[in-house]
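Single-structure report; data block below.
What follows draws every value from the coordinates through simple rules; no lab data is involved. Keep in mind it's a predicted model, so treat the numbers as computed, not measured. Reconstructed Cβ throughout: ideal geometry from the backbone, glycine too, with neighbour counts over all protein chains shown.
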Amino acid sequence: MSTQIFKPKIMDTRWRNEYENQLIKMWEEEGLFKFSYNPHNPTLIIDTPPPYISGKPHVGQVAHYVQIDMIARAYRMLGYNVLVPFYADRNGLPVEIFVERMYGINPHEVAETIDGREKFLELCKKHLDEVEKEFINIWRRLGCIFEYWHEGTDSEEYRKITQSTFIEMWKKGYIYEAERPVIWCPRCKTSLAEAEIEYKNEMAELYYINFQLSDGGNLTIATTRPELLGACLAIAYNPTDNRYKYLKNKKAIVPIYNYIIDIVEHKSVDPSFGTGLMMICSYGDQSDVRIIRELGLKPRLIIKEDGSLNDGVNILVDLKVIEARRYIVEILKNKGFLVKIDKIDRNVPVCWRCGTPIEFIHTHEFFLKQLDYKDVLKEITKNAKFLPEEHKKKLLDWIDSITMDWPISKTRYYATEIPVWRCKSCGSILVPNEKRYYRPWKELPPW
């Protein structure tokens with residue numbers, strides 16, 4: 001019986017890089033990356049969150065997508081129709097920040113004219129195109145068999161779909177416009193969603209400050225934000241804290257600013273933090289936003305969009321937060337209101353992209369309703385199948401953590417525009433009907 005001898009097509013004993021390019025070209029010609037559907041076979045779709053491509057790919061992303069490719073290949077061999085699309089997330093802050101730093105420009109200034117805004121958008125697109133090309137090259141050189149979708153999140157088709165969704169949700173009442181406190185990045189000068197916040201651990205100062213009672217005597221509060229004294233609206237203690245029961249219905253005088261505020265009970269106060277007395281101001285953190293809303297207090301707004309202060313009485317004017325903190329501490333010390341300063345370890349909320357500590361300010365934004373649907377979302381989640389099961393709890397915990405409706409408008413430029421116009425006569429919001437891509441900053445109203 002004769003023995004068949006197989007001869008390798010490649011005789012080299014060492015791998016040569018040019019073979020990779022030959023193989024990639026051959027795979028493309030054979031349509032290896034294209035999704036092929038057979039109605040007689042089961043279908044698996046692997047759609048991961050598209051990577052943001054403002055910077056070069058790193059080894060963590062490579063490892064992640066190689067694992068996805070392994071799963072896709074296994075299911076193909078098991079007879080599944082497998083669709084694994086790859087497309088890029090190209091909207092938002094990261095690319096704008098890159099272009100700002102690379103070219104030394106301020107987008108808020110250049111975007112004051114249509115030509116300037118278009119030039120800025122071109123620079124953003126140019127950078128994204130270059131980085132996306134590198135991403136695709138790496139996936140192909142790794143042998144990944146994703147189907148490349150060229151229509152990323154900045155394509156006209158994608159933005160048309162996004163705007164059509166906005167229009168539909170606006171008409172159904174799921175989106176509304178309002179002025180309310182939002183999470184704000186002073187550096188990026190835009191509102192942020194809760195999911196766009198990260199936390200940075202740091203050592204901070206805890207300042208103990210004396211307040212006089214309006215009927216005599218004094219009390220001591222502890223705060224990390226003394227610069228917000230001019231925005232103080234009340235002092236609160238926990239109703240279970242017997243140390244401060246005598247303060248019920250009393251009033252205090254804000255040091256330096258000399259106006260009178262109420263002393264109130266509130267269950268959110270932590271008796272073990274500082275002195276157990278909390279300064280409620282507009283706004284130090286998310287709990288201030290919630291308590292002020294619950295108590296119906298009128299905010300005193302002293303932080304501006306650029307992160308500087310204007311307390312209205314020329315004590316803290318045009319000083320950035322850190323500068324204002326140092327300045328007010330010196331005044332408190334000189335006037336005898338500062339009791340002591342402790343060091344504490346705390347998590348500081350920062351902007352997810354530039355790392356700037358966030359503030360809470362009032363702005364006009366478009367909001368997507370979330371709070372009204374938390375229970376509905378939790379019920380849907382409980383009835384859904386998760387693999388592995390523990391990821392269900394992650395989603396439920398995230399839903400429970402939502403404390404505000406989602407601000408979906410941004411004071412930025414490389415993103416999908418909100419498709420609305422405002423009537424100059426009556427101020428009404430006008431929303432178009434036709435499903436296409438709108439750019440209100442350069443187009444006339446479609447009526």
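Going by average Cβ density within 10 Å per residue, which order do the peptides 220-229, 286-295, 48-57 take, highest to lowest?
Numbers: 220-229: 22.2, 286-295: 16.9, 48-57: 15.1.
Averaged packing, sorted descending, gives the order 220-229, 286-295, 48-57.
Ordering of 188-195, 260-267 by packing is 188-195, 260-267, highest average first (other Cβ atoms within 10 Å, averaged per residue).
Which whole-number percent is the relative contact order of the range 178-282 (Cα, under 8 Å, 6+ apart)?
Working: 176 pairs, mean separation 28.6, N = 105.
Computed value for the range 178-282: 27 percent relative contact order.
Tell me whether the range 9-58 comes out rounded, prolate or oblate; compute the Cα gyration tensor, take square roots of the eigenvalues as a ≥ b ≥ c, and use a/c under 1.5 as the rounded threshold.
On the way: a/c = 2.98, a/b = 1.28, b/c = 2.33.
It is oblate, given that a/c is not under 1.5 and a/b is not larger than b/c.
Label positions at I138 and K393, each projected 7 Å from the Cα along the C-beta direction, are separated by 3.3 nm. Summary value for the chain: 18 percent relative contact order, contacts being C-alpha pairs under 8 angstrom separated by 6+ residues. Close amide H pairs (under 5 Å, H built 1.01 Å from N) link L277 with A222, residues at least 5 positions away or on another chain. Once C-alpha pairs closer than 8 Å and six or more residues apart are averaged by separation and normalised to the residue number of the range 17-154, the relative contact order reads 37 percent. Couplings for the range 20-31, taken from phi via the Karplus curve 6.51 cos²θ - 1.76 cosθ + 1.60 with θ = phi - 60°, read 4, 5, 5, 5, 4, 5, 5, 4, 5, 5, 7, x Hz in order; Gly and Pro are left as x.
Amide H contacts of Y283 (H built 1.01 Å from N, in plane; Pro and chain starts excluded): F360 sit under 5 Å, all sequence-distant by 5 or more or on other chains. With K and R counted +1 and D and E -1, the other residues having a Cβ less than 12 Å from that of G116 yield a net charge of -2. In the chain, the longest principal axis of the Cα atoms and the axis of helix 374-383 are about 40 degrees apart. Which of the pairs K119/K442; K250/K340; K56/K133; K189/K320; K374/K394 have their Cα atoms more than 18 Å apart in this structure? In this structure, K250/K340 exceed 18 Å between Cα atoms.
Residue-wise, which Karplus ³J(HN,Hα) couplings in Hz belong to the range 432-447, taking 6.51 cos²θ - 1.76 cosθ + 1.60, θ = phi - 60°, and x for glycine or proline? Values, residue by residue: x, 9, 5, 8, 8, 8, 10, 10, x, 6, 10, 10, 6, x, x, 10 Hz.
For the chain, pairs of C-alpha atoms spaced more than 32 angstrom apart make up 55 percent of the total.
Rounded to whole numbers, the Karplus 3J(HN,Hα) couplings from phi for the range 311-321 are 7, x, 10, 6, 8, 10, 10, 6, 8, 5, 3 Hz, using 6.51 cos²θ - 1.76 cosθ + 1.60 with θ = phi - 60°, and x at Gly and Pro.
So, R0 is 60 Å and r is the distance between the beta-carbons of L430 and Y19; what FRET efficiency does that work out to, to 0.05?
Details: r = 59 Å, r/R0 = 0.99.
E(calc), rounded to 0.05, equals 0.50.
The charge dipole of the chain, taken about its Cα centre with unit charges on the Cβ atoms of Lys, Arg (+1), Asp and Glu (-1) only, comes to about 480 debye.
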